[in-house]
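Trainee: Would you mind keeping the following structure in view while I ask a few things?
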Amino acid sequence: MPLFSSLSDVPDDLRGAAIALGNFDGVHLGHAHVLQAIHAARPDAPRAVLTFEPHPREFFRPEDPPFRLTLPAERAEALAALGVQAVFQLPFDLDFSNLSAEAFINDVLHAGLGATHIACGADFAFGHRRGGDVNLLATRAEALGIGLTVVPALTDAEGPLSSTRIRRALQDGYPERAAAMLGRPHTIRGIVSHGDKRGRTIGFPTANIPLGRHLEPARGVYAVTSRLPDGQTLHGVANIGNRPTVGGTESRLEAHFFDFAGDLYGLELAIALHGFIRAEKKFSGLDELRGQIAQDAAAARHLLDQATAGPA
């Protein structure tokens with residue numbers, strides 16, 4: 001799926017697209033609801049998404065802890081799986097943040113992209129100091145001949161689905177709740193890097209992945225899976241945290257994959273979180289840690305076997 005970071009390279013066959021607007025962090029079921037609405041409104045038009053990078057919150061509050069559910073590659077992959085044919089990922093910088101709401105509509109949506117129809121949530125705000133809302137969007141879009149669908153929030157028993165709710169579920173240690181809102185397990189994607197190689201000395205070699213700009217879920221142990229480039233699916237157990245037993249200072253994900261002895265260094269892996277097993281804790285030494293990892297691995301195998309088996 002093509003991804004464009006400039007309005008100057010939009011091909012002719014994508015001008016006139018039906019475009020969903022938003023940050024799309026997580027690409028959850030609420031976002032899928034917006035994409036379904038834009039397709040229903042203009043099934044004849046190419047389906048596209050207009051989003052921004054970095055996330056405006058990252059730009060305005062760089063001192064905040066990382067909070068992203070999906071980084072650009074993950075987001076694009078998830079959008080493509082939902083039928084999106086192109087992503088317009090515009091750089092969010094100082095100039096763009098100063099763009100007026102009217103200029104966003106006129107210069108970006110109309111002149112830049114040639115949008116024929118747009119869709120967004122009812123709370124979508126845009127332009128300098130978030131000066132534009134769906135009322136302004138409706139007025140200006142109609143004048144420019146652009147169709148508009150304002151999509152009500154998708155809700156469940158707990159209220160509207162949102163990226164904020166998903167972040168909270170992950171930070172509280174409920175990846176299965178996050179998965180229910182995402183429509184798939186939450187993943188952390190990164191390059192497998194060299195660690196201290198201590199895991200292999202106690203019989204549990206690990207693939208180490210920095211959290212980077214990803215949200216840090218609850219620190220502790222998870223049942224996980226990952227798919228290799230050759231299509232093989234690995235089951236495993238992972239720790240997210242700073243490894244207090246060995247004096248770690250940087251939080252990261254360390255995954256041990258069952259019955260696997262290959263070399264993963266340098267590969268980009270997406271680690272899917274399926275269940276929270278226990279909170280991170282400090283052990284008295286490597287012997288106690290080794291015993292606990294064996295128990296964690298057994299618990300993860302059981303959880304993943306149950307998930308694979310499905311309902312009886």
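Trainee: Report whether or not PHE276 is more than 16 Å from ASN208 (Cβ to Cβ), aromatic (Phe, Trp, Tyr) and at pLDDT 95 or above.
Mentor: Considered against the rule, which asks whether it is more than 16 Å from ASN208 (Cβ to Cβ), aromatic (Phe, Trp, Tyr) and at pLDDT 95 or above, PHE276 comes out as yes.
Trainee: In segment 268-292, how many are closer than 29 Å to THR70 by Cβ, touching a residue at least 60 places away in the same chain (Cβ under 8 Å) and surrounded by 15 or more Cβ atoms within 10 Å (Cβ to Cβ)?
Mentor: Residues that pass the stated criteria total 9.
Trainee: When you scan segment 280-296, do you find a residue that is among the hydrophobic types (A, V, I, L, M, F, W, C), under 28 Å from GLU77 (Cβ atoms) and either out of contact with any Cys (no Cβ under 9 Å at 6 or more places or on another chain) or at pLDDT below 90 (or both), even just one?
Mentor: Within segment 280-296 (the criterion being among the hydrophobic types (A, V, I, L, M, F, W, C), under 28 Å from GLU77 (Cβ atoms) and either out of contact with any Cys (no Cβ under 9 Å at 6 or more places or on another chain) or at pLDDT below 90 (or both)), the answer is no, since none of the residues qualifies.
Trainee: In addition: Within segment 66-87, can one find any residue that is closer than 28 Å to PRO210 by Cα and hydroxyl-bearing (Ser, Thr, Tyr)?
Mentor: Within segment 66-87, one or more residues are closer than 28 Å to PRO210 by Cα and hydroxyl-bearing (Ser, Thr, Tyr).
Trainee: Here are some residues: ARG177, ARG189, ARG140. Which one is touching a helix residue (DSSP H, G or I) at 6+ places or on another chain (Cβ under 6 Å), in a strand (DSSP E or B) and either of a type in the set (Lys, Arg) or outside the structural domain of LEU14 (by TED's automatic domain parsing) (or both)?
Mentor: Just one listed residue meets the conditions, ARG189.
Trainee: Quick one: which strands (runs of 3 or more DSSP E) lie wholly within segment 5-96 and hold at least 1 residues that are acidic (Asp, Glu)?
Mentor: 47-53
Trainee: Output the residues belonging to segment 68-112 that are among the acidic types (Asp, Glu) and surrounded by fewer than 15 Cβ atoms within 10 Å (Cβ to Cβ).
Mentor: ASP93, ASP95, GLU102, ASP107
Trainee: Another question, then. Among the residues of segment 166-187, is any under 24 Å from ASP263 (Cα atoms), surrounded by fewer than 20 Cβ atoms within 10 Å (Cβ to Cβ) and in contact with a strand residue (DSSP E or B) (Cβ under 7 Å, 6 or more places away or on another chain)?
Mentor: no
The values are calculated or read from the model by the stated rules, or taken from the named source; none is laboratory data. Since the structure is predicted, the reported quantities are computational estimates derived from the model, not experimental observations. Virtual Cβ from ideal backbone geometry, glycine too; neighbours counted across all protein chains shown.
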